Amino acid sequence: MLSNLSNFDIGIDLGTANILVYSRHKGIALNEPSVVVVDTTTKNIVAVGAEAYEMVGKTPEKFVTIRPLKDGVIADFDITTEMLKNILRKASKKLGFALRKPNVVVCIPSGSTSVERRAIHDAVKNAGAKKITLIEEPVAAAIGAGMPIDEPVANVVVDIGGGNTEVAIISFGGVVSCHSIKIGGDRLDEDIIQYVRKEYNVLIGERTAEKIKMEIGYALIDHEEQFMEIRGRDLVSGLPKTIKLSSYEVRNALKEPLLHILEAIRATLEDCPAELSGDIVDRGVILTGGGSLLNGMEEWLSKEIVVPVQLAENPLESVAIGTGKAIPYMNKLQAAVK
Ligand code: ADP
Ligand code: MG
């Protein structure tokens, strides 16, 4: 049965890296990094979202930048609630009307515990929502990527986010098999930081590492070597230093986390019921989440798992679009929190 739709019904993708709000009117109404800057002396929130992201690694000592979500789940409940309040206010402004007591569809990682699900539910509630419906992230991602999830066929979706990667096979509207690992794009950044520290004795920041990953980071495929000049702090002299990094070096640094992601995909495919296995060969796998934008990811994975792999149309938006498309089915969706 369709619920009574109202303007105030929204979908939220509460990601480790990015938070998106989807409205039935405007589609993606807001898309900002899930980052908050807090003044440690007053405990006040100084900035949220894009503004806070700009400050990452550059704040004076009394300010700390916090990512209140970690590995896809809430690490700091109060800050997540405050961030959501702020995000809803911003979304209201963009939409041109106040989101008073919206009904919200929000995604949860399929690997999350009932306590973690309850925390997401309560944070959205405390931020001012009326009715909250939880939807599993891979299901939202698959809906958002336009997969026919209600049909009795295997829909395989791989969502590589900031803090986690979820691999799921969905058929008949439900998750048939799924694996969730706490490795995503953030881990790739960390491994680049570690590599540069170990090889060059130079410390680089999170944002520099992310930039390196996006520009000259590659999945484990052959490619023409590229170079990038980067700046950091020499750990010996303490002075700024510029080094030239090769894409081959970066690829090596990324090897371990990428193999973990591959392993999670393999494990999920191995769990697939035999009747559905054939579908996967024909229909392939859809990649979504920001991490899937790593250069060569599609090519590498399709070579490794020997089935077609395709990038979703909007990898950074699939989950949010999926939560939005699920709004009319709020009553039908199974609420994971009673
Ligand atoms: P989440 O759902 O956890 O918020 P997202 O799906 O928004 O995560 O993806 C964020 C991750 O994607 C970050 O780790 C970011 O560095 C990574 N990412 C975004 N664009 C690219 C790109 N072009 N190449 C590689 N990684 C990317
Ligand atoms: Mg996500």
### Query
When the chain is treated as a GNM, springs tying every alpha-carbon pair under 10 Å, which of G96, G324, G11 comes out with the largest mean-square fluctuation?
G96
### Query
Which percent, nearest 5, of DSSP beta bridges in the range 37-180 are antiparallel?
80 percent
### Query
Considering only the chain, what is the antiparallel percent among its DSSP beta bridges, to the nearest 5?
70 percent
## Note on the structure
Of the listed pairs K58/K94; K26/K90; K94/K131; K94/K125; K131/K182; K93/K131, those with alpha carbons more than 24 Å apart are K58/K94; K131/K182
### Query
Counting only the backbone N, which residues of the range 290-332 are under 13 Å from the spot 7 Å out from the Cα of F172 toward its beta-carbon?
none
### Task
Considering only DSSP beta bridges where both residues belong to the range 218-338, give the percentage that are antiparallel (nearest 5).
65 percent
### Message
Per 0.36 nm of contour for each residue apart, how much would the distance between E304 and H260 grow if the chain were fully extended, relative to their Cα-Cα spacing?
### Response
14.6 nm
### Task
Could you check the simple spin-label distance between D282 and A75, using points 7 Å along Cα→Cβ, in nm with one decimal?
4.4 nm
### Summary
Whole-percent carbon and sulfur contribution to the accessible surface of the range 37-151 (1.4 Å, no ligands, DNA or RNA) stands at 51 percent
### Query
Sorted by mean Cβ packing within 10 Å, highest first, what order do the peptides 41-49, 100-108 take?
100-108, 41-49
### Query
Of all accessible surface on the range 220-281 at a 1.4 Å probe, what whole percent is carbon and sulfur?
49 percent
### Query
Tell me, what is the FRET efficiency for T242 and M55 to the nearest 0.05, using R0 = 22 angstrom and their Cβ-Cβ distance as r?
0.40
### Message
Sort 195-208, 136-149 by the packing proxy (mean of other Cβ within 10 Å over each peptide's residues), most packed first.
### Response
136-149, 195-208
### Query
What's the long-distance tail for the chain, i.e. % of Cα pairs beyond 24 Å?
56 percent
#### Entry: Average accessible surface area per residue within the chain, 1.4 Å rolling probe, Å²
46 Å²
#### Entry: Cα→Cβ-extended label distance, 7 Å offset, between E225 and V115, nm
5.0 nm
## Note on the structure
Counting sequence-distant residues (5 or more places) and residues on other chains, those with an amide H built under 5 Å from that of Y218 are R251
### Task
Take each of the peptides 109-116, 312-319, average the number of other beta-carbon atoms within 10 Å over its residues, and list them starting from the highest.
312-319, 109-116
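The values are calculated or read from the model by the stated rules, or taken from the named source; none is laboratory data. Nothing here was measured: the structure is a model prediction, and the numbers come from that model. Neighbour counts are summed over all protein chains in view; Cβ atoms, including those assigned to glycine, are modelled from backbone coordinates with ideal geometry. These accessible areas exclude ligands, DNA and RNA; they are computed on the full protein's heavy atoms, side chains included. Shrake-Rupley method; radii C 1.70, N 1.55, O 1.52, S 1.80 Å.
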